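The structure that follows is given in the form of C-alpha cells.
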Amino acid sequence: MLAQLKRYFAGLSRNTFLLALASLFSDISTEMLYPVLPVFLTDTLGAKPTAIGVIEGIAVAAQNVVQGFSGWLSDKFQRRKPIALTGYLVAAVSKPLIGLSATWTQVLGARSLDRLAAGSRSAPRDALVAASGRPEDRGKAFGLEGIGDNLGAFLGPLIAIALIAWFAVEIRSIFLLAIIPGLLAAAMILLVHEGS
C-alpha cells in the first residue's frame, strides 16, 4: 500500500501539494456555509425563501462571468500567483461579511463577492497546477488537486454541523469561523513558487 502511494505521488512537486491543500481549505471554508445559509437568511434575517434562489443565482452567474476574464488576465501578464492569491484572500474575507449582514441584500453583496473571488482564482490556479510538475504527471497533479477539492466539500458541512450540534456555536459565528480555513488556503498559495 505504501509503495503504491509512493508511486502515485512520484513526480508531484511541493507546489502540487500546496495547491491541493489550498483547494481543501478553501472548499472547507465555502462548504461550511451551505448547511447554515438558508436558515440564516430565513430565520435570522427574516428573508423570504425566494431570496435564497436570487442570491445563489446571481452569485453563481458572477462567478461564471469572471472566470474567463481572470484566465485571460493571467495569460496576458504571465503571473498566475497574484491573481489566485487575491481570489483566495477576498473569498476568505467575504465569509464573515455574510455573517455580519443585517439584510438579505447585504448577504447578496457579500455572497457575490465570494463567488467573484472564487471565479477569479480558478483559471490561474489551474495554470499553476498544470505548471507544478512534468507534463507526464499533469493528470496526477490535477487528480491530487481534485482530491483536496472534494475532501473539502465533504468536510465543510460536517464541521459546520458539528460546531452547531456539539459546541452550540451560533449560526452567525459559523460565517466568522469560516475565515480560518479560507486564510489557510491563501497561506498555501502564498507559499507556492511560481515558475517552479
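Using the structure shown, decide if Leu100 is closer than 26 Å to Arg14 by Cβ and not polar (S, T, N, Q).
no
Return the total of residues in region 98-120 being open to solvent by 10 Å² or more (accessible area, probe 1.4 Å), touching a residue at least 24 places away in the same chain (Cβ under 8 Å), assigned to a helix (DSSP H, G or I) and in contact with a Leu (Cβ under 8 Å, 6 or more places away or on another chain).
1
On to the next question. Given the structure, is Gly46 at pLDDT 95 or above and surrounded by fewer than 18 Cβ atoms within 10 Å (Cβ to Cβ)?
Criteria met by Gly46.
Any idea which residue in region 25-43 is farthest from Ala130 (Cα to Cα), counting only those that are open to solvent by 30 Å² or more (accessible area, probe 1.4 Å) and at pLDDT 95 or above?
Asp43
Which of (1) in contact with a Leu (Cβ under 8 Å, 6 or more places away or on another chain); (2) in a helix (DSSP H, G or I) does Arg138 not meet, given it meets every other one?
(1)
Collect the residues in region 144-196 that are aliphatic (A, V, I, L, M), outside any helix (DSSP H, G or I) and open to solvent by 20 Å² or more (accessible area, probe 1.4 Å), keeping them in residue-number order.
Listed by number, the residues that qualify are Ala168, Val169.
Tally time: how many residues in region 1-42 are under 27 Å from Leu177 (Cα atoms), in contact (Cβ under 8 Å) with a residue 40 or more places away in the chain and in a helix (DSSP H, G or I)?
The number of residues fulfilling the criteria is 21.
The values are calculated or read from the model by the stated rules, or taken from the named source; none is laboratory data. Computed from a predicted structure; not experimentally measured. Glycine gets a Cβ as well: all are built from the backbone with ideal geometry, and neighbour counts include every protein chain shown. Keep in mind that these areas ignore ligands, DNA and RNA; they rest on the heavy atoms of the full protein, side chains included. Shrake-Rupley method; radii C 1.70, N 1.55, O 1.52, S 1.80 Å.
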